[in-house]
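To keep things clear, I will list the structure first and then write my remarks on it.
The values are calculated or read from the model by the stated rules, or taken from the named source; none is laboratory data. Just so it is clear, the model here is predicted, and its values are computed rather than measured. Note: ideal-geometry Cβ built from the backbone for every residue, glycine included; neighbour counts use all protein chains shown.
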């Protein structure tokens, strides 16, 4: 008989190892033995991804491994999600609009940030890559988002971040803007009036949490 | 005042002699389209227009860089996929529309273009190189990086995962991509002669923000070796190396490549701004030319005076490199930088880069 702790630890390990088959198997097993799916999500999947995030920060895990961990995590979430109980009294999670700036099709970094913010409990709305300024603004207003996260990998596309910030202000949107990507630094973020800058996915999560007081 | 012409200056560095001052290779590609008032996409879509724009910019500013052709998304077009040219707002380089490899099974079906004719971007590269060689300049074209090209020939996310889940297939793809580069290099060598050719090798996907040095050793290094072994056999004298972005953890493999091939040509290294010049000089300076690596976004966002200062700091660190130093940005010159910014490089070289 496998214990609850063993299942949860196994689930976390499957996520760290990027073992999709094992994470699916353990997610199913957790339901069979009656573990609360929310607990499996938090103490299995999220615990595993938090470790992945730590290992990435100290350069012991890299993008290929993280992509496989994400696959393993989402495989388990797909199984657990239909069984999660909705708690109407729980605090509403913060909503993030995420996308790659206009002119830029490089979305691996954006996808990593999206996944890590999702794990951190944010509701993610992905508007994709090469996203026009007006699309960011329209979507932010429509969704009443708390954060807009914009990534850029080119010196040409980074110039489309400031117009998003300006137009959000013109529309008195409440959303805070977090930016990141290879050509971006703190000075540039301050210069264009961004509320936060994440040098990598881990820092983007820390900054976003701080901005929403999480 | 300058005592040498740009060709004399660059030739002196190549020969291991001291020029009058530090040469400037500003890695200008998209930027020069503004000089001639043409759309940025033409720089990649038409080799003749690319030559015109780069040649005019070179004449206007008087820097030492001669026209070249290449871009980071090289590979898909050459294997029958589809790329888009940067004509849209915010675009700065060609991008992939259709990857030739989307599933593992597609790798077997890939046909490696042979060496009897140029394919894809190499057709445009040939137009540009023809013009350069006619005028006595080298033909500079792309010979890598194999790893970055493989990562865009295939769907990039899938390729990165295959390194873990389907390593044999990832190797098969890398092998085909490396052979494509070898065949295209051979075509250019046959057309112009090796002494007129300069190979440009570099890409961002092998950066350590993406893969580990272990993965670099297993998947990038063997194919980089394969291509460079042929470059050595062809007797191509100069190879421009641009390990793009943060590749500090990959440096031991670049050193190993040089040593194990008993390299007899010249490498000119342009690392990203993440790699200190001191490190580059320690690792390669005895044998190779080191390119400065001024931070490209700063060129775009900072003032003329600040860019001069950044260039000054770069020159002070690199000017005494034993095998020569050239002032460069750490990646492509930002296409949207103000027209005065290349002058900041030239002015800094004239003020702070004079050899006594």
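Taking the condition without any contact (Cβ under 8 Å) to a residue 40 or more places away in the chain and more than 10 Å from chain B (Cβ to nearest Cβ), does residue A:88 pass? Yes; evaluated as a whole, the condition is true for this residue.
Among helices (runs of 4 or more DSSP H) entirely within segment B:5-56, having at least 3 residues that are buried (at least 18 other Cβ atoms within 10 Å of the Cβ) singles out B:6-14, B:42-45.
Based on what the data block shows, is residue B:69 within 21 Å of the chain's Cα centre (by Cα), crowded, with 24+ Cβ neighbours inside 10 Å and modelled with pLDDT of 95 or more? Judged against the criteria, residue B:69 is a match.
Among residues of segment B:204-223 being in a helix (DSSP H, G or I), under 15 Å from residue B:177 (Cβ atoms) and in contact with a helix residue (DSSP H, G or I) (Cβ under 6 Å, 6 or more places away or on another chain), the one that is nearest to the other protein chains (Cβ to nearest Cβ) is B:219.
Just for helices (runs of 4 or more DSSP H) wholly inside segment B:73-160: which have at least 1 residues that are within 14 Å of chain A (Cβ to nearest Cβ)?
B:146-153
Quick one: would you say residue A:129 is touching a residue at least 12 places away in the same chain (Cβ under 8 Å), closer than 27 Å to residue A:166 by Cα and away from chain B (no Cβ under 14 Å)? Criteria not met by residue A:129. The residue that is surrounded by the most Cβ atoms within 10 Å (Cβ to Cβ), among those in segment A:157-189 that are closer than 22 Å to residue A:112 by Cβ and more than 21 Å from the chain's Cα centre (by Cα), is A:157.
Considering only residues of segment A:11-48 that are more than 26 Å from residue A:87 (Cβ to Cβ) and part of a helix (DSSP H, G or I), which is nearest to the chain's Cα centre (by Cα)?
For segment A:11-48, the residue satisfying everything is A:16.
Suppose the filter is over 24 Å from residue B:210 (Cα atoms), within 12 Å of chain B (Cβ to nearest Cβ) and touching a helix residue (DSSP H, G or I) at 6+ places or on another chain (Cβ under 8 Å); does residue A:163 pass it? The answer is yes for residue A:163. Being over 22 Å from the mean Cα position of the chain (by Cα) and surrounded by 20 or more Cβ atoms within 10 Å (Cβ to Cβ) is a condition met by no residue of segment B:317-339. Restricted to segment B:229-259, and to residues there that are touching a residue at least 12 places away in the same chain (Cβ under 8 Å) and over 23 Å from residue B:207 (Cβ atoms), the residue that is surrounded by the most Cβ atoms within 10 Å (Cβ to Cβ) is B:236.
On inspection, residue A:60 fails the criterion of being under 21 Å from the mean Cα position of the chain (by Cα) and assigned by TED's automatic domain parsing to the domain that holds residue A:148.
Among the conditions (1) closer than 23 Å to residue A:71 by Cα; (2) surrounded by fewer than 17 Cβ atoms within 10 Å (Cβ to Cβ); (3) touching a strand residue (DSSP E or B) at 6+ places or on another chain (Cβ under 8 Å), residue A:199 misses just one, which is (1). Name the single residue that is nearest to residue B:207 (Cα to Cα) among those in segment A:166-207 being assigned to a helix (DSSP H, G or I) and away from chain B (no Cβ under 14 Å). Residue satisfying both the conditions and the ranking: A:205. When A:105, A:79, A:97 are screened for being more than 17 Å from the chain's Cα centre (by Cα), touching a residue at least 12 places away in the same chain (Cβ under 8 Å) and more than 13 Å from chain B (Cβ to nearest Cβ), only A:79 passes.
Inside segment A:122-147, can you point out the residues that are surrounded by 16 or more Cβ atoms within 10 Å (Cβ to Cβ), assigned to a helix (DSSP H, G or I) and touching a helix residue (DSSP H, G or I) at 6+ places or on another chain (Cβ under 9 Å)? Once the filter is applied, which keeps residues that are surrounded by 16 or more Cβ atoms within 10 Å (Cβ to Cβ), assigned to a helix (DSSP H, G or I) and touching a helix residue (DSSP H, G or I) at 6+ places or on another chain (Cβ under 9 Å), segment A:122-147 yields A:133, A:136, A:137, A:140, A:141. Screening residue A:61 against (1) assigned to a loop (DSSP other than H, G, I, E, B); (2) within 14 Å of chain B (Cβ to nearest Cβ); (3) surrounded by fewer than 16 Cβ atoms within 10 Å (Cβ to Cβ) leaves a single unmet condition, (3). When residue A:74 is tested against (1) crowded, with 21+ Cβ neighbours inside 10 Å; (2) under 16 Å from the mean Cα position of the chain (by Cα), exactly one condition is not met: (1).
Scanning segment B:183-196 for residues that are under 11 Å from residue B:143 (Cα atoms) and touching a strand residue (DSSP E or B) at 6+ places or on another chain (Cβ under 8 Å), we see that the one that is surrounded by the fewest Cβ atoms within 10 Å (Cβ to Cβ) is B:185.
Counted as qualifying within segment B:248-356 are the helices (runs of 4 or more DSSP H) with 3 or more residues that are closer than 28 Å to residue A:153 by Cα and within 14 Å of chain A (Cβ to nearest Cβ), namely B:296-301, B:304-318. The residues on offer are B:217, B:111, B:124, and the sole one that is within 18 Å of the chain's Cα centre (by Cα) and touching a residue at least 12 places away in the same chain (Cβ under 8 Å) is B:124.
Here's the yes/no breakdown for (1) away from chain A (no Cβ under 14 Å); (2) under 20 Å from the mean Cα position of the chain (by Cα):
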{"residue": "B:163", "(1), (2)": "no, no"}
{"residue": "B:177", "(1), (2)": "yes, yes"}
{"residue": "B:183", "(1), (2)": "yes, yes"}
{"residue": "B:189", "(1), (2)": "yes, yes"}
{"residue": "B:193", "(1), (2)": "yes, no"}
{"residue": "B:198", "(1), (2)": "yes, yes"}
{"residue": "B:202", "(1), (2)": "yes, yes"}
